[in-house]
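Student: Sharing a structure with you now.
Derivation of every value follows stated rules applied to the coordinates shown; laboratory data play no part. Note that this is a predicted model, so its numbers are computed, not measured. Heads up, the Cβs are rebuilt from the backbone with ideal geometry, glycines too, and the neighbour counts pull from every protein chain shown.
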Amino acid sequence: MDTKTLLINADDLGYTQGINEAVFRCHREGVLRSATIMACGKAFEDAVTRAKCHPQLGIGVHLALTELPSAAPPEAIPDLVDETGNLPPSPAALLKGLFSGRVSAASVKKELHCQLTRVLDSGIRPTHLDTHKHVHLIPQVLEATIEVARKFKIFWMRNPFDCSPFWAATRNIARNQWGEFLGQHTMAWLAKSQHKAFQRKIHRAGLKTPKNFLGISLTGLWNPSLAMCFARRLPQGITEWMMHPGDYDSDLQGSRTRLLKQRQVERDLLLSPLFKEALLEQNIQIKHFGEMSAC
């Protein structure tokens with residue numbers, strides 16, 4: 001494929017109202033065409049209401065197996081939730097539970113099924129799936145995600161293997177961010193050992209993923225110069241670019257996410273006329289997953 005197609009996706013829609021406000025503003029006034037909604041986010045209903053007024057924004061599902069309250073009744077998945085009905089606090093805790101046998105694959109499938117049902121019942125037809133903290137890198141979670149994707153006839157899924165150019169990134173981030181970048185880049189590099197197995201499972205299931213993915217190494221580190229650099233270096237084919245725009249408000253301040261004021265940097269980037277101009281100069285087609293069937 002000799003064209004460059006960019007799917008800029010805003011994760012965490014429905015997490016807080018401030019995130020919702022930023023996502024839909026970036027869609028109305030900026031370059032954002034895609035977002036993924038959290039069925040268990042406390043601002044889920046607000047996101048659904050806003051989505052009905054913005055039918056051109058492609059909305060997928062940001063499946064969550066950590067941090068949030070479960071969509072399934074806690075008594076139906078007792079091995080996956082704590083005494084308060086919350087999912088495991090981190091991907092590491094989820095991974096430990098799955099590999100020790102304490103958490104069952106059946107409970108994971110039930111929770112994902114309930115989250116997708118909640119989104120569909122709201123009137124949203126999902127364009128694609130991804131997972132909070134990329135937990136579909138875990139084999140049991142990937143199998144469950146593939147199963148629910150096929151059941152609900154959702155054919156696109158995030159390819160969570162980062163292709164961010166290392167040296168270009170280091171030249172465009174502040175020195176005090178190098179440590180964080182190196183840690184995230186190392187984790188993304190280690191995950192690539194699963195890439196071939198991941199793609200085999202996806203293709204065997206009849207599902208699709210974008211060829212390229214940008215975001216893991218640079219989560220929380222985006223700035224205008226870095227974004228401009230990557231726009232000029234965007235590879236051929238279909239690339240998903242993960243972003244986390246948001247308004248920093250009291251709800252976000254009191255939440256468990258580590259991405260706080262940085263969300264406003266990404267919001268402003270997606271609203272920037274200069275960034276939009278840079279994408280146009282590179283003849284990059286900006287689309288959402290629901291527009292990919294013809295590609």
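Student: If you build the convex hull over the alpha carbons only and average its shadow over all orientations, what do you get for the range 4-291? Give it in nm² to one decimal. Mind showing how you got there, number by number?
Tutor: Details: hull surface 56.1 nm².
Taking the Cα atoms of the range 4-291, their convex hull projects to 14.0 nm² on average.
Student: If you don't mind, another one. Say a site is exposed when it is one of the trypsin sites (Lys or Arg not before Pro), sits in a DSSP loop, and has at most 13 other Cβ atoms within 10 Å; what is then the longest site-free stretch of the chain?
Tutor: Numbers: sites that count: Lys52, Arg102, Lys153, Arg171, Arg233, Arg256, Arg258, Lys261.
Segment 172-232 is the longest.
Student: Taking neighbour counts of Cβ atoms within 10 Å as a proxy for exposure, in what order, fewest first, do Asp82, Asp46, Asp121 appear? The partial results should precede the final answer.
Tutor: Working: Asp82 13, Asp46 17, Asp121 10.
With the sparsest Cβ surroundings first, the list reads Asp121, Asp82, Asp46.
Student: Mind scanning Lys42/Lys201; Lys96/Lys151; Lys109/Lys153; Lys153/Lys287; Lys133/Lys211 and naming the pairs with a C-alpha gap bigger than 24 Å? Walk me through the intermediate numbers first.
Tutor: Working: Lys42/Lys201 33 Å; Lys96/Lys151 27 Å; Lys109/Lys153 15 Å; Lys153/Lys287 20 Å; Lys133/Lys211 20 Å.
Violating the 24 Å limit, Cα to Cα: Lys42/Lys201; Lys96/Lys151.
Student: So how do Leu32, Leu271 line up by other beta-carbon neighbours within 10 Å, fewest first?
Tutor: Leu271, Leu32
Student: Please give the net charge around Phe289, taking every other residue with its beta carbon less than 12 angstrom from that of Phe289, where Lys and Arg add +1 and Asp and Glu add -1. Show your work: numbers first, answer last.
Tutor: Numbers: positive: Arg33, Arg125, Arg158, Lys208, Lys287; negative: Asp130, Glu240, Glu291.
Summing Lys/Arg as +1 and Asp/Glu as -1 gives +2.
Student: So for the range 103-215, what percent of the C-alpha to C-alpha distances run longer than 18 Å?
Tutor: Here the long-distance tail beyond 18 Å is 55 percent of all Cα pairs in the range 103-215.
Student: From the C-alpha coordinates alone, can you work out the Kirkwood hydrodynamic radius of the range 45-163, in Å? If you can, show how the numbers build up before the last one.
Tutor: Values: mean 1/r = 0.0678 Å⁻¹.
Computed over Cα pairs of the range 45-163, the Kirkwood hydrodynamic radius comes out at 14.8 Å.
Student: Using 7 Å Cα-to-Cβ label points, what is the Arg204/Arg258 separation (nm, one decimal)?
Tutor: For Arg204 paired with Arg258, the spin-label model returns 3.3 nm.
Student: For n ≥ 4 DSSP H runs only, could you compute -39500 (n - 2.57) per run for the chain, divide by its residues and tell me the 222 nm figure to the nearest 500? Please list the in-between numbers first.
Tutor: Numbers: 12 runs with 122 residues, N = 295.
Estimated from H runs of four or more residues: -12000 deg cm²/dmol.
Student: So if we plug the beta-carbon distance of Leu274 and Gln56 into 1/(1 + (r/R0)^6) with R0 = 22 Å, what FRET efficiency do we get, rounded to 0.05? Please report the intermediate quantities before stating the final value.
Tutor: Working: r = 23 Å, r/R0 = 1.04.
Taking R0 as 22 Å, the efficiency between Leu274 and Gln56 is 0.45.
Student: Within 9 Å, Cβ to Cβ, of Leu63, how many net charges do the neighbouring residues add up to if Lys/Arg are +1 and Asp/Glu are -1? Don't skip to the answer; put the middle values down first.
Tutor: On the way: positive: none; negative: Glu111, Asp130.
Net of charged neighbours comes to -2.
Student: Can you tell me the FRET efficiency between Phe99 and Lys151 if r is taken as the Cβ-Cβ distance and R0 is 25 Å, rounded to the nearest 0.05? Before the final figure, lay out the partial values.
Tutor: Numbers: r = 25 Å, r/R0 = 1.01.
Efficiency at R0 = 25 Å is approximately 0.50.
Student: What distance in nm separates the simple spin-label points at Asp79 and Asp249, each placed 7 Å from Cα in the Cβ direction?
Tutor: Each label point is offset 7 Å from its Cα along the Cβ direction, giving 4.0 nm.
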